[in-house]
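Just so it is clear, none of the values below were taken in a lab; they were calculated from the coordinates. This structure is a prediction, so every number in the text was calculated from the model and none was measured. Here the Cβ positions follow ideal geometry from the backbone for every residue, glycine too, while neighbour counts run over all protein chains shown.
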Amino acid sequence: MLTFTFYLFSVLAIASAVLCITRRSPVASALWLASTLFQVAGLFVLLGAPFLGAVQVLVYVGAIMVLFLFVIMLLNLGRQEATDIRGLRGKVLATVLGLVLIGELLALRSVALSAAITLPAGEVERKVAEQGALQALALPLFHQYVVAFEVTSVMLLAAIVGAVVLAKRRL
Amino acid sequence: MYLGPALAVSAILFTLGVVGVLLRRNAIVIFMCVELMLNAVNLTFVALSQQLGLDGQVFVFFVMTVAAAEAAVGLAIVIALYRHRETVNLDTINLLRG
């Protein structure tokens, strides 16, 4: 049953992604991308990261996609007569490069993980059962990676200032 | 448990993102394809975190934060560009100077 759910989410994610890159209207593309991100959130839950799934829905589907739709509507790009998809040469190039890339990535998948970096089986489950899914994630975030966490807040501040300055009409 | 299939899905999603970037001319759609690629990598992180430890899930946090900041700044650039050129077609926007 769980396997069926996993494949359902996977197939829907890939189908939505295909529709996202082939729809002519930017609004349709954005909505299909939101669908893809939602399916990926489901995959996160199935892969044992329920909190990241919730954050994915909140941040990506909720905030980032709304920002995209907002900009599309602000610039009034919703109804485009001419397609922005490249011509035959661009399509052939994109397909060939895509096939090469997918071949490379799927070949990489067969590389076995080194035993030196792999945790013993059940280690992650044990940690989650011991500390809870949220604490197991929060402890490294606020201990081991606390410097990165603080630097991220500085980066967000820089992004806020940058976005306001860039979108300002008159500097 | 689902490591192999999850990595395959994330490889396919990443490739679709790359194909989208190569296929489209609309700056906003290309931007959305970049978000798709970031998300595919997040899926890889989460899938591998079952065997390599929960640090991978912490990294997904940072990727999401950077993606949010990138979306805000990038869309501000698109708005500034549109105000300047009245288009978001990347074929007509190929100079760095205004």
Over the Cα atoms, compute the radius of gyration (one decimal) and Dmax (the largest Cα-Cα distance, rounded to a whole number) for the stretch B:3-85, in Å.
14.9, 50
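Sequence gap at least 6, Cα distance under 8 Å: using those rules, report the relative contact order of chain A to the nearest whole percent.
16 percent
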The extension gain from residue A:138 to residue A:92, computed as 0.36 nm times the residue separation minus the Cα-Cα distance, is 12.0 nm
Once fully extended, how much extra length lies between residue A:104 and residue A:28, figured as 0.36 nm per residue of separation less the alpha-carbon to alpha-carbon distance?
24.3 nm
For the protein assembly as shown, what value does the Rg/Rh ratio take when both radii are computed over Cα atoms and Rh is the Kirkwood radius, given to two decimals?
0.99
If I stretch the segment between residue A:1 and residue A:123 completely, what's the gain in nm (0.36 nm per residue apart, minus their alpha carbon distance), one decimal?
41.4 nm
Among B:67, B:80, B:11: highest mean-square fluctuation, GNM of chain B, C-alpha pairs under 10 Å:
B:80
DSSP loop (so not H, G, I, E, B), at most 14 other Cβ within 10 Å: list which trypsin sites (Lys or Arg not before Pro) in the stretch A:63-96 pass both filters.
A:79
Contact order normalised by length for the stretch B:3-85, with contacts defined as Cα pairs under 8 Å and 6 or more residues apart; what percent is it?
28 percent
Summing -39500 (n - 2.57) over the DSSP H runs of n ≥ 4 in chain A and dividing by its residue number, what mean residue ellipticity at 222 nm do you reach, to the nearest 500 deg cm²/dmol?
-23000 deg cm²/dmol
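Hey, what did the stretch A:1-80 get for relative contact order, percent, Cα under 8 Å, at least 6 apart?
30 percent
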